[in-house]
Amino acid sequence: MSPDKGHSFDAIVVGSGASGGWASKRLAEAGLKVALLEAGRPQSDKNFTEHKPAFELKYRNRAKEIVRKTRPIQVKFGVCNEYTYHWFVNDLEEPYTTPADKPFNWMGRLRMTGGRTNVWGRVSLRFSDWDFKSASLDGYGENWPLGYKDIEPYYDLVEKYVGITGSAEGLEHLPDGQFQPPVPLTCQETLFRNRVKEKLGRTIMPARSANLTRPINGRGPCHFCGPCERGCMTHSYFNSAFTTVADAVATGNCTLISNAMVYKVLMDSDRNRARGVLYIDRNTRRTREIYARTVILCAQSQESVRILLNSATPQYSSGLANSSGVLGHYLTAHVRSGGGSGEFPALGAKPSLGGPKKPLGIYIARFRNLPNTPPYKKFLRGYGYEGESSTEFNWEAPGFGEAYKKALLEPRTSIDITGFGEVLPRWDNFVDLDPSVKDIYGIPVLKIHMSDGENERAMIQDMGDSAGEMLEAAGARNIRTYARPSAPRWALHEAGIARMGADPKKSVLNQFQQTHDIKNVFVMDASCFSSNPCQNPTLTIMALCVRSCDYLVSELKRNAI
Ligand SMILES: Cc1cc2nc3c(=O)[nH]c(=O)nc-3n(C[C@H](O)[C@H](O)[C@H](O)COP(=O)(O)OP(=O)(O)OC[C@H]3O[C@@H](n4cnc5c(N)ncnc54)[C@H](O)[C@@H]3O)c2cc1C
Ligand code: SF4
């Protein structure tokens, strides 16, 4: 074991994705010496393939089997494909386990600078007090230890830097933000929006998305080529790799250490303080130690909690900073297996194989259990929908020859919507260590225990029914709806397993994402969420992280950490 002698930092940040990028930027810009440890490889514009046609790939992006050989879990979500699969974790080398009767697809595990922000869907929505104080409103679970007013200035700050396109809608439960001009709706989306508003009073808007429509900080506006998940040479969508991490490194105060797989937090048990972390160099497989005044875990919910569980000491025998016993519990992740689609008139739209492609569609704001409406009887909380319209060739046209060629060109225009619903935090959805399995670095892996409850099942059914209701109200034809149980359970929005709270007996972190137990250990990713509202999480992850970094800096200044 070789310590990194001579490298003593103010802060170690573990993970360079949405949260770690912001933590390293904010702290480095405040003058702190930061070591940013990232398990993955460095990211570079040279790796981006958004303009590369499939016919230039060896297997034309059509051989899922090739990807499945090493990434049988990751390949289940389309963004892990022949273009990108080497950015993702090798599922065979870094496995996890589940009970036989509770399968869970832990997808979107990246091993590159930028983490999941390399491939994310970019939908960026604020939470409101209807989310932060939901327990007071319906009696379920715990309130967050902070409210909208506490986080509002940080939403402003993050949105201005990230660049969020969107429209102001004036909804109390989905607050407006600092938007760049929205990407206009298609004719079909406009028709859908107007008719649903008129007949059902529900709000459909252009998706609020981290794609630029105006240049900022040397990043160009989006030119609508489409596949953002393959990178972006003009840096027009938000990816930590070329924004926050690049800014952090440019200060001269942040050292990015790539291929550094953090195993555990090192403790000085006599002083109840973290000393640093122990990590494995993924290339050499050598174990190394690195030291700092503070340790900040930003490795994505399950990964950060895995590090805490692997850092158990005699004093914290069930996991570091786990005097409450809640570490690993209350795992939440959106349900999204209800929705529908329907056909709309083409209104002049023409199918094209190479035309411009809008990288974002529509968002339908939550309409169940809202301010000033009676509680919905079937379930607690609510859901929104993401969706988009598309105009395709008539691939199913009958016949052959000239007649077929003509029929093929008849446009088929449809709108597709998918619900994203809140999952209630429940004790029996949890992660712990699997004592019998280690990854190739010798680190014990996680066992994930998760299934849907009654509330989720009722919500999924309602997502399907309401999708049909709205498409019908808009006059769509050939409407298809679905409402499937979400098994195997999966999501890309996992949260809640080191939750924040005012009471140290019921939570792991305080409102500044500092562990109640150990003053110089912070967890700044979504594992802090006290509940997981239906809005996508990342904007809130970033805003909370910046707020906590400002707190950390002020506490360091007064030697309180
Ligand atoms: C396909 C997809 C679509 C998505 N769409 C949306 C969306 O539309 N809107 C939205 O809000 N969110 C979306 N998300 C979720 C969003 O990407 C995440 O919420 C966000 O990136 C989480 O940030 P994070 O910092 O916690 O983790 P990440 O961004 O995943 O970064 C974690 C980093 O930590 C590193 N790491 C992990 N373990 C270790 C370790 N032991 N040692 C060192 N480094 C480690 C990883 O390599 C990774 O780079 C999507 C995710 C995916 C995969
Ligand atoms: S669609 Fe826009 S943001 Fe996405 S890769 Fe193309 S230019 Fe970049």
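The values are calculated or read from the model by the stated rules, or taken from the named source; none is laboratory data. Just so it is clear, the model here is predicted, and its values are computed rather than measured. We place every Cβ from the backbone using ideal geometry, glycine too, and count neighbours over all the protein chains shown. Please note that ligands, DNA and RNA were not included when accessible areas were found on the heavy atoms of the full protein model with its side chains. Shrake-Rupley method; radii C 1.70, N 1.55, O 1.52, S 1.80 Å.
Values computed for the structure shown
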| item | result |
| --- | --- |
| Anchor LYS76: aspartates and glutamates whose Cα lies under 13 Å away (excluding residues fewer than 8 positions away in-chain) | GLU65, ASP91 |
| Two-decimal log10 I(q)/I(0) for the chain, as the Debye equation yields it once each C-alpha is a single scatterer, q = 0.06, 0.09, 0.11, 0.13 Å⁻¹ | -0.29, -0.66, -1.00, -1.42 |
| Pairs from LYS264/LYS506; LYS357/LYS406; LYS358/LYS378; LYS52/LYS160; LYS64/LYS406 whose Cα-Cα separation, in the structure shown, is over 29 Å | LYS358/LYS378; LYS52/LYS160; LYS64/LYS406 |
| Surrounding net charge for ILE204, when Lys and Arg each add one and Asp and Glu each subtract one, Cβ distance under 14 Å | 0 |
| Using alpha carbons only: equivalent-ellipsoid semi-axes of region 334-488, gyration tensor based, whole Å | 38, 25, 13 |
| Helix-only [θ]222 nm of the chain, DSSP H runs n ≥ 4, -39500 (n - 2.57) each, per residue, nearest 500 | -6500 deg cm²/dmol |
| Relative counts (whole %) of C-alpha pair distances in region 411-452, using bins that are 5 Å wide | 5, 15, 15, 13, 10, 11, 10, 7, 6, 6, 2, 0 |
| Rh by Kirkwood over Cα pairs, then Stokes-Einstein D for region 359-423 at 1.306 mPa s and 10 °C, µm²/s | 106 µm²/s |
| Spin-label zone in region 350-364 - amide nitrogen under 15 Å from a point set 7 Å from the Cα of LEU408 along the C-beta vector | 351-354 |
| Share of carbon and sulfur in the accessible heavy-atom surface of the chain [1.4 Å probe, %] | 52 percent |
| Between 0 and 90°, nearest 10: helix 148-162 axis offset from the chain longest Cα axis | 70 degrees |
| In Å², nearest 10: area of VAL67 left accessible to a 1.4 Å probe | 0 Å² |
| Nearest-10 value in Å² for the accessible area of HIS329, using the 1.4 Å probe | 30 Å² |
| Label-point separation, LYS197 to THR287 (7 Å along Cα→Cβ), nm | 6.2 nm |
| Ranked packing of 34-42, 367-375, 210-218, 529-537, most packed first, by mean Cβ within 10 Å | 529-537, 34-42, 210-218, 367-375 |
| Degrees, to the nearest 10: 538-557 long Cα axis against longest axis of the chain | 20 degrees |
| Region 1-119 - Rg over Rh from alpha carbon coordinates, Kirkwood radius | 1.06 |
| For region 109-175 and region 343-381, distance of Cα centres in Å | 19 Å |
| Between region 498-518 and region 459-474, the alpha-carbon center distance in angstrom | 39 Å |
| Region 67-150: Cα Rg divided by the 2.2 N^0.38 Å rule of thumb | 1.51 |
| Between helix 301-310 and the chain: long-axis angle, C-alpha atoms, 0 to 90°, nearest 10 | 20 degrees |
| Two-site label geometry, PHE77 and SER136: point separation in nm, points 7 Å out along Cα→Cβ | 3.4 nm |
| Sparse-neighbourhood loop sites, trypsin sites (Lys or Arg not before Pro) in region 511-560 - DSSP loop, at most 13 other Cβ within 10 angstrom | ARG558 |
| Per residue value of the accessible surface for the chain (all protein chains in place, 1.4 Å probe), Å² | 40 Å² |
| Viscosity 1.002 mPa s, 20 °C: Kirkwood-radius Stokes-Einstein D of region 64-105 over Cα pairs, µm²/s | 199 µm²/s |
| Cleavage-rule hits, trypsin sites (Lys or Arg not before Pro), region 238-285, DSSP coil, Cβ neighbours within 10 Å at most 12 | ARG271, ARG285 |
| Within region 372-391: backbone nitrogen closer than 16 Å to the GLU454 label point (7 Å, Cα to C-beta) | 376-381 |
| THR97, THR255, ranked by accessible area, largest first (probe 1.4 Å) | THR255, THR97 |
